[in-house]
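We did not get these values from a lab; they are worked out from the coordinates using the rules stated. Keep in mind that what you see is a predicted model, and the values were worked out from it rather than measured. Every residue, glycine among them, receives a Cβ derived from its backbone with ideal geometry; neighbour counts consider all protein chains shown.
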Amino acid sequence: MPHLIITTANIQDSYESRKEQYIESIEACLKYRHFFHSYTILECVSEKEDYLNKYNTVYSTEGNVHANKGLNEMKHLRSFLNQAGFDDHQPIIKLSGKYLVEDDYFFKSVQALWKKYDSIFKNDNDVFEGKGYHTFFYYMKKGLFINTIDSIDFSAGNDRPIEWDLKDYLLVNEKHIEIDRLGVLARQGTNSEKIFRC
């Protein structure tokens, strides 16, 4: 069964509203606990958050040196996956913590498909140009996850969206599949300026 990673980034901007969204997101996911074997909250900014004490929380020490927030998140995820002791075939579901899972569609899709496919993503053409994948809720096996992250350019000036890099890398994988929806309320931006469902 999959391991779920929920990423959080407790920054000072809009701290209280983010905290509320993170709690709401985590609690919503835990309602679907029967779809995953275990979970980790991966905090990517703060060294300590009392409100996360009740959850299985790991505090990343990778830092956030890139202006491109997607690159920072990929580094946090790679570090966690390399230290977690999972084998390369371990199925991983990743959710960005501000986003709210509204139904079990994606969990059921992973349950039905994870033995056959190494990655499951939703194309972002419902909101953007379709050059990438939504990277707030997806599934990959750990080995592929690490290889995908390692394929990304982490140079200081890289401002290319990681959504494009993930799509470019995974499209040629024969054990990869796209699905039509995620069942998520997306809250994008520091202050959740852009909200949509997909």
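Relative to the Cα centre, what is the charge dipole magnitude of the chain, using +1 at the beta carbon of each Lys and Arg, -1 at the beta carbon of each Asp and Glu, and rounding to the nearest 20 debye?
Rounded to the nearest 20 debye, it is 440 debye.
Return the distance in nm (one decimal) between the two label points of a simple spin-label model at Glu47 and Asp153, each offset 7 Å from Cα along Cα→Cβ.
3.5 nm
Which ³J(HN,Hα) values in Hz, rounded to whole numbers, follow from the phi angles of region 9-23 under the Karplus curve 6.51 cos²θ - 1.76 cosθ + 1.60, where θ = phi - 60° and Gly and Pro get x?
Whole-Hz 3J(HN,Hα) from phi for region 9-23: 9, 7, 9, 6, 4, 6, 4, 5, 5, 4, 4, 4, 5, 4, 4.
Past the 18 Å Cα-Cα mark, which pairs from Lys69/Lys122; Lys116/Lys141; Lys75/Lys131; Lys167/Lys194; Lys141/Lys194? If you can, show how the numbers build up before the last one.
On the way: Lys69/Lys122 20 Å; Lys116/Lys141 11 Å; Lys75/Lys131 22 Å; Lys167/Lys194 22 Å; Lys141/Lys194 30 Å.
Correct reply: Lys69/Lys122; Lys75/Lys131; Lys167/Lys194; Lys141/Lys194.
I'd like to compare 28-41, 157-170: which one has the highest average count of other Cβ atoms within 10 Å, and what's the full order after that?
Per-residue mean Cβ counts within 10 Å order the peptides as 157-170, 28-41.
Multiply the residue separation of Lys54 and Lys69 by 0.36 nm, subtract the distance between their alpha-carbon atoms, and state the gained length in nm to one decimal.
2.7 nm
Alpha carbon centre of region 55-106 versus region 16-43: separation in Å?
Here the answer is 12 Å between Cα centres.
Would you kindly derive the ³J(HN,Hα) couplings of region 135-144 from the backbone phi angles with the Karplus curve 6.51 cos²θ - 1.76 cosθ + 1.60 (θ = phi - 60°), listing them in order in whole Hz, with x for Gly and Pro?
Listing the rounded values in order: 10, 9, 7, 7, 10, 8, 6, 3, x, 5 Hz.
Determine the shape class of the chain: with a ≥ b ≥ c the square roots of the Cα gyration tensor eigenvalues, call it rounded for a/c under 1.5, and otherwise prolate if a/b is greater than b/c, oblate otherwise.
Since a/c stays below 1.5, the shape of the chain is classed as rounded.
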